[in-house]
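Peer 1: Okay, handing you the structure first.
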Amino acid sequence: PEGADTAVVPGVLGTELEGAVRPGHFAGVLTVVSKLFHIVGPDVAFFGEKDYQQLVLIKKMVRDLDFPLSIAGVPIVREPDGLALSSRNVYLFPEERLRALVLSRALRAGAGVSAHGPDAVLATAREVLAEEPEVAVDYLELRAPDLGPTPPGGQARLLVAARVGAT
């Protein structure tokens, strides 16, 4: 409401990755989601893995603030050409959409060399992204599933955010 100054603070993780590119974004997201949970009172809430950092932060908020619900991650849905399904895709011109496909190619290429370790994953993904110099990469990072430091082996998440044109 007008004049409100209370917000959910996401902590350090909220200032990294997407939070570094969009300061204050996750405080807004967590505050709105918290209010929604209070109003609706769900048993389970589903969030897409496309916005993986948001998913991790919401799980942390639910745990830290003792919300009586569970959070379920929903796998990324991709369009037939490989682009992650997103409302933002409607803003891409046809040639920009073709350029944006480099994101899913880079993620697949990085995952394809995961047996060779974290450095190979990142180097391979960077090489693929370099094929489209008009795609402005905000970040490309390999992190632990909880978004902690890159593990030397085992499960990890390869994260990329980029701008194509104005999108």
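Yes/no matrix, rows are residues, columns are (1) in contact with a helix residue (DSSP H, G or I) (Cβ under 9 Å, 6 or more places away or on another chain); (2) part of a helix (DSSP H, G or I); (3) under 23 Å from GLY48 (Cα atoms):
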{"site": "SER104", "(1), (2), (3)": "no, yes, yes"}
{"site": "ALA111", "(1), (2), (3)": "yes, yes, yes"}
{"site": "ASP119", "(1), (2), (3)": "no, yes, no"}
{"site": "ALA125", "(1), (2), (3)": "yes, yes, yes"}
{"site": "GLU131", "(1), (2), (3)": "yes, no, no"}
{"site": "VAL137", "(1), (2), (3)": "yes, no, yes"}
{"site": "GLU141", "(1), (2), (3)": "yes, no, yes"}
{"site": "THR167", "(1), (2), (3)": "yes, no, yes"}
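Peer 1: Are any residues in region 109-136 of a type in the set (Gly, Ala, Ser), closer than 20 Å to THR167 by Cα and open to solvent by less than 70 Å² (accessible area, probe 1.4 Å), and if so, which ones?
Peer 2: Matches in region 109-136: ALA136 only.
Peer 1: Can you report the number of residues in region 8-47 which are closer than 24 Å to PRO149 by Cβ, in a helix (DSSP H, G or I) and open to solvent by less than 50 Å² (accessible area, probe 1.4 Å)?
Peer 2: Number satisfying all stated conditions: 9.
Peer 1: Here's another thing I want to ask about it. When only residues in region 144-157 that are under 16 Å from the mean Cα position of the chain (by Cα) and either among the small types (Gly, Ala, Ser) or open to solvent by less than 30 Å² (accessible area, probe 1.4 Å) (or both) count, which is farthest from GLY19 (Cα to Cα)?
Peer 2: Ranking the candidates gives ALA156 first.
Peer 1: Could you please give the count of residues in region 93-108 that are open to solvent by 30 Å² or more (accessible area, probe 1.4 Å) and closer than 13 Å to VAL164 by Cβ?
Peer 2: Within region 93-108, residues that are open to solvent by 30 Å² or more (accessible area, probe 1.4 Å) and closer than 13 Å to VAL164 by Cβ number 7.
The values are calculated or read from the model by the stated rules, or taken from the named source; none is laboratory data. If you're wondering where the values come from, they're calculated on a predicted model, not measured in any experiment. Every residue, glycine as well, gets a Cβ built from its backbone with ideal geometry; the counts of neighbours run over all protein chains shown. Quick note on the areas: whole protein, heavy atoms, side chains included, nothing else; ligands and nucleic acids left out. Shrake-Rupley method; radii C 1.70, N 1.55, O 1.52, S 1.80 Å.
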